[in-house]
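Novice: Before we start, here is the structure in question, set down as structure tokens.
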Amino acid sequence: MELKKWFPKRAIHLDFHTMPGVYDVGIDFNGKEFVKTLKEANVDYITTFAKCNLGFAYYPTKIGIIHPGLKKRDLLGEIIEECHKEGIMVSAYFNVGLDHENSVRHRDWCKVNKEGQIAEMQYMGHFFRKMCLNTDFKDYILGMIEEVIDNYPVDGIFLDCFTLSPCYGGECVREMKKLNIDPSDEIKARDFCWMITEKFMEEVKKILKRKNKDIFLFFNGLPYRKQPTHLELEVLPTGGWGYDFLPWIIRYARTLKKPFFTMTGRFHKGWGDFGGLRTFHSLMFDLYYSVSNGGTCSIGDHMHPRGKLEKEVYDLIGKCYSEIKKIEEFTENAENITEMVIIEPNLSMFYGYHFDYSSLAGATRMLSELKYQFDVSDGTDDISKYKIVILPDNIKVDKNLREKLKKHLKKGGILISSDLSCFDLEKKKFIFDDYKIEFEGEEENNPTYFVGEKEFSDGIPDMPLTIYDQGISIKAKKGSKIIAYIYKPYFNYKSWDWEHENLYTPPEKNTGRPAIVQFGNIIHFSFPVFKNYHNHAYIYYKKLLYNCLEKIYPEPLIKHKNIPSFVQITLASQKNKNIIHILAYIPELRGKSMQIIEEPLILKDIEIGVKNIDKKKIKRIYLVPSNEEIEFKEEGNYIWFKIESMAGYQMVVIEKMD
């Protein structure tokens, strides 16, 4: 099998991080029983342990440290052998960023933080000690990787837990000084760490090339754009990521033109939650979300140290994967159809360099709830196919992106921006002459309120509505059209007049300044509308955005009737078919912090109109996997169909004439 022509559809990421005090590691392991469990669960690919984050190996290494409690000589080898007999591909897992055993034995291999600490005892957790690739640890871990490649027919290498936090150990400081890098500059120190890490990535790739190994390779925790073969989107929504993370990261991943799968987890909480098991519908939501956005599936598990896979866990995984198998005919080689793009340049180094993604998450949620079809981009690639470009809140536009935006506007494209996006901080002006507004400084009032002009206020109460997070103050120039005005309060919230703290701050009057202004195909919000939506979930921000878009973009790819905002709709194409994915689930906050999906939601009598972009005649429309044909009608540029009832997920296929 040529791996370049094959990609996993239903994977398992199997953790086996085992504390040194466990004395019976692998005592119950049976290779044939292990692979039988995987096979019955419809698994076709597994990432399994060569070296865990404690630093222990589970094969007879001559370089590393074998777990002191290991009772099976070669767990890794037996897993690979038995999986290959059943056609299951195997990737070997190495933790590179963490190695707690070696951090004790070789303190000189650890990163040193700015305070001179090796062990950040004040934080603890998995990452309280981190390994430095600018020490002899680099040769050690490269030796282990090469050892496994030489001795086992692995189909992939998964390298985990990279961080780009700066190291201030002697080796790093001396090398930074040699390169005229100021170690006290945290940004430059971080960039130096990236330089060292990138060299390590190249060395791993050279090993594979030298040995002529055409296998999967993934560096977890490093930028998606830098990954050599594929992407694995680690997102456990109940394990710390939440449900607002995957929607934007998956729409970014699919623009990079690399195969990818979404790695969720079976755990009720995070990794290592041995007794935690999610509900069937909770897992299905994650899997459906991945396949409806161009990915395949992976589920994370953690095997008990004795070496047996939990039957209940794999019964659940098998049930989930059997549902995914039913629709794979229509997801394989399908491409999402989009009309808009959100640009966030910080993504070019994500993972790796972290940033505040609240504006991006807010924009993603808004557009998803409005059923628009969109991608997320770092601005590096071509954006000419998009009708609408969105720059959420504080997007710095470099020369390259500026030229792309100029071409976009010149051909009649629409641009939505907010707050400091498209603003030159040094020159204190907007970068395009098309922006018919003048910068007056930061907004001095808090809170502020907005009132929209009547034609943009459909579904919005006729009263001043609160803007919770403030932006900038702008003045409309000639040639601009004010869509909504800023109202100021009597006093700023929590201001002190030496007698009273002003906690009641009703709107006083219209400032005459715009909250939203339009000039041709550009609409600019003076406040960070997307961050506001993420932080405060005030639906009138979303309605305001929708009213603006409807005026200048009245024919989106998807129209709908009787569909709640929480329902997700994505559109894809495959040969002569349009594929519509409909997801109806709500992650409900239960108790203090857990978001739970227990049941699917039932939708009745929903109607969807899909824009017939290619103008081809319709052969038939049917539901998958039931193959039940449904009636449709064509109105203007749209193909309309109705679904009488659905629970949780429904795929609809529009088959067209050749």
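The values are calculated or read from the model by the stated rules, or taken from the named source; none is laboratory data. Keep in mind that what you see is a predicted model, and the values were worked out from it rather than measured. Ideal geometry is used to build each Cβ from the backbone, glycine not excepted, and the neighbour counts take in all protein chains shown. The protein model used for the area step is the full one, side chains on, heavy atoms only, and it has no ligands, DNA or RNA in it. Shrake-Rupley method; radii C 1.70, N 1.55, O 1.52, S 1.80 Å.
Novice: Kindly work out what percent of the DSSP beta bridges joining two residues of segment 19-169 are antiparallel, to the nearest 5.
Specialist: Numbers: 2 of 16 bridges.
Here the share of antiparallel DSSP bridges comes out near 10 percent.
Novice: Now for a different question. Can you list the residues, at least 5 places off or on another chain, whose amide H is less than 5 Å from the amide H of S421, using H built in the peptide plane?
Specialist: D393, N394, I395
Novice: Additional query: Suppose we keep just the DSSP beta bridges with both residues in the chain; what percent of those would be antiparallel, to 5? Can you show the working numbers first?
Specialist: Details: 72 of 123 bridges.
The antiparallel fraction comes to roughly 60 percent.
Novice: Arrange the peptides 567-578, 592-603, 640-651 so that the one whose residues have, on average, the most other Cβ atoms within 10 Å appears first.
Specialist: 567-578, 640-651, 592-603
Novice: Give, as a single signed number, the net charge of other residues whose beta carbon lies under 12 Å from the beta carbon of V235, with Lys and Arg counted +1 and Asp and Glu -1.
Specialist: Values: positive: none; negative: E232, E234, D244, D286.
Net local charge, V235 excluded: -4.
Novice: Then there's this: Find the centroid of the Cα atoms in segment 446-481 and in segment 539-599, then give the distance between the two in whole Å.
Specialist: 25 Å
Novice: Here's something else I'd like to know. Using 7 Å Cα-to-Cβ label points, what is the E499/N151 separation (nm, one decimal)?
Specialist: 8.3 nm
Novice: Please list the non-local residues whose amide H lies under 5 Å from the amide H of I46, H modeled 1.01 Å from N, same-chain partners needing a gap of 5 or more.
Specialist: For I46, the qualifying residues are I12, M89, V90, S91.
Novice: Report, in listed order, any pair from K488/K559; K213/K326; K429/K488; K396/K436 with a Cα-Cα distance greater than 29 Å. It would help to have the intermediate numbers written out before the result.
Specialist: Numbers: K488/K559 37 Å; K213/K326 33 Å; K429/K488 24 Å; K396/K436 19 Å.
Table pairs above 29 Å Cα-Cα are K488/K559; K213/K326.
Novice: Related question: Distance between Cα centroids, segment 122-157 to segment 368-437: provide it in whole Å.
Specialist: Segment 122-157 and segment 368-437 have Cα centres separated by 41 Å.
Novice: Separate question: Express in whole angstrom the spacing between the alpha-carbon centres of segment 263-329 and segment 607-626.
Specialist: Using only Cα atoms to place each centre, the spacing works out to 31 Å.
Novice: 5 Å is the cut-off here: which amide hydrogens, built 1.01 Å from N in the peptide plane, fall below it relative to I486, excluding neighbours closer than 5 in sequence?
Specialist: Excluding prolines and chain starts, which carry no amide H, the hits are T511, G512, R513, A515.
Novice: State the dimensionless ratio Rg/Rh of the chain (Rg: radius of gyration of Cα atoms; Rh: Kirkwood radius).
Specialist: Values: Rg = 27.0 Å, Rh = 27.2 Å.
Across the chain, the Cα-based Rg/Rh ratio is 0.99.
Novice: Next question, about the same structure. Over 25 Å between Cα atoms: which of K428/K494; K258/K616; K209/K308; K36/K325; K385/K611 fall into that group? Please list the in-between numbers first.
Specialist: Numbers: K428/K494 29 Å; K258/K616 30 Å; K209/K308 35 Å; K36/K325 18 Å; K385/K611 16 Å.
Distance filter (> 25 Å) returns K428/K494; K258/K616; K209/K308.
Novice: Enumerate the calculated ³J(HN,Hα) couplings along segment 216-227 in order (Karplus 6.51 cos²θ - 1.76 cosθ + 1.60, θ = phi - 60°), each rounded to whole Hz, writing x wherever the residue is Gly or Pro.
Specialist: Couplings: 5, 9, 9, 10, 6, x, 10, x, 4, 5, 9, 6 Hz.
Novice: Please list, in order along segment 488-505, the HN-Hα scalar couplings obtained from phi with the Karplus expression 6.51 cos²θ - 1.76 cosθ + 1.60 (θ = phi - 60°), rounded to whole Hz, x for Gly and Pro.
Specialist: Along segment 488-505, the couplings run 9, x, 4, 9, 6, 4, 6, 5, 10, 10, 6, 10, 9, 8, 7, 9, 10, 10 Hz.
Novice: Also, I was wondering about something else. Could you work out how much longer the chain between N400 and L623 gets when fully extended? Use 0.36 nm per residue separation minus the Cα distance between them, nm to one decimal. Don't skip to the end; give the middle numbers.
Specialist: Numbers: separation 223, 0.36 × 223 = 80.28 nm, distance 4.40 nm.
Gain in length upon complete extension: 75.9 nm.
Novice: Where does segment 267-380 land on Rg/Rh, using Cα atoms and the Kirkwood Rh? Please list the in-between numbers first.
Specialist: Details: Rg = 17.5 Å, Rh = 16.9 Å.
Rg divided by Rh gives 1.04.
Novice: Which percent of the accessible heavy-atom area of the chain goes to carbon and sulfur, probe 1.4 angstrom? Could the numbers behind the result be given before it?
Specialist: On the way: 13970 of 28980 Å².
Whole-percent figure for carbon plus sulfur exposure: 48.
Novice: Tell me the mean residue ellipticity at 222 nm calculated for the chain from its helices only (DSSP H runs of n ≥ 4, each -39500 (n - 2.57), averaged over every residue, nearest 500). Can you show the working numbers first?
Specialist: Values: 14 runs with 162 residues, N = 658.
Value at 222 nm, helices only, nearest 500: -7500 deg cm²/dmol.
Novice: Is there a quick way to get the dipole size of the chain? I mean about its Cα centre, with the Cβ of Lys and Arg at +1 and of Asp and Glu at -1; what is the value in debye to the nearest 20?
Specialist: Working: 92 positive and 94 negative charges, 321 e Å.
Charge dipole, the chain, about its Cα centre: 1540 debye, nearest 20.
Novice: Give the span of segment 451-537's Cα atoms along each principal axis, as three whole-Å numbers ordered largest to smallest.
Specialist: 48, 29, 23
Novice: Which ³J(HN,Hα) values in Hz, rounded to whole numbers, follow from the phi angles of segment 45-59 under the Karplus curve 6.51 cos²θ - 1.76 cosθ + 1.60, where θ = phi - 60° and Gly and Pro get x?
Specialist: 7, 9, 9, 10, 7, 9, 9, 8, 6, 6, x, 9, 9, 10, 8
Novice: What ranking, highest mean first, results for peptides 359-371, 382-394, 305-317 when packing means the other Cβ atoms within 10 Å averaged over each residue? Intermediate results must be reported in sequence, preceding the final value.
Specialist: Working: 359-371: 23.5, 382-394: 19.9, 305-317: 18.0.
Highest mean packing first, the order is 359-371, 382-394, 305-317.
Novice: Additional query: Could you work out the equivalent-ellipsoid semi-axes for segment 1-149, taking the square root of 5 times each eigenvalue of the Cα gyration tensor, largest first, in whole Å? Spell out each step's value before the answer.
Specialist: Details: eigenvalues 187, 60, 41 Å².
Over the Cα atoms of segment 1-149, the ellipsoid semi-axes are 31, 17, 14 Å.
Novice: Ok, one more. Can you work out the accessible area per residue across the chain, with the rest of the protein chains kept in place, probe 1.4 Å, in square angstrom?
Specialist: Numbers: 28980 Å² over 658 residues.
Normalised by residue count, the accessible surface of the chain is 44 Å².
Novice: In the full protein assembly as shown, how much of Y288 is accessible to a 1.4 Å probe, in Å² to the nearest 10?
Specialist: 20 Å²
Novice: Still on this structure: When averaged across all projection directions, what area in nm² does the alpha-carbon convex hull of segment 571-658 cover? Spell out each step's value before the answer.
Specialist: Values: hull surface 27.8 nm².
Approximately 6.9 nm², given one-decimal rounding.
Novice: To continue, here is another question. Given just the C-alpha atoms of segment 23-102, how large is their convex hull per residue in cubic angstrom? Working shown, then result.
Specialist: Details: hull volume 7.5 nm³, N = 80.
Looking at segment 23-102, the number lands at 93 Å³ per residue.
Novice: Based on the mean of other beta carbon atoms within 10 Å per residue, what is the order of 493-503, 89-99, most packed first? Each step should come with its number before you reach the end.
Specialist: Working: 493-503: 9.8, 89-99: 24.7.
Going from most to least packed, we get 89-99, 493-503.
Novice: Which aspartates and glutamates does K72 reach when only Cα atoms under 16 Å apart count, and residues fewer than 8 places away in its own chain are ignored?
Specialist: Within the straight-line limit of under 16 Å, K72 reaches these aspartates and glutamates: D24, D28, E33, E81, E82.
Novice: Which of K39/K257; K577/K619; K199/K257 have a Cα-Cα distance over 20 Å?
Specialist: K39/K257; K199/K257
Novice: Using the basic label-point model (7 angstrom from Cα toward the beta carbon), what is the E631 to K427 distance in nanometres?
Specialist: Label-label distance for E631 and K427, simple model: 6.0 nm.
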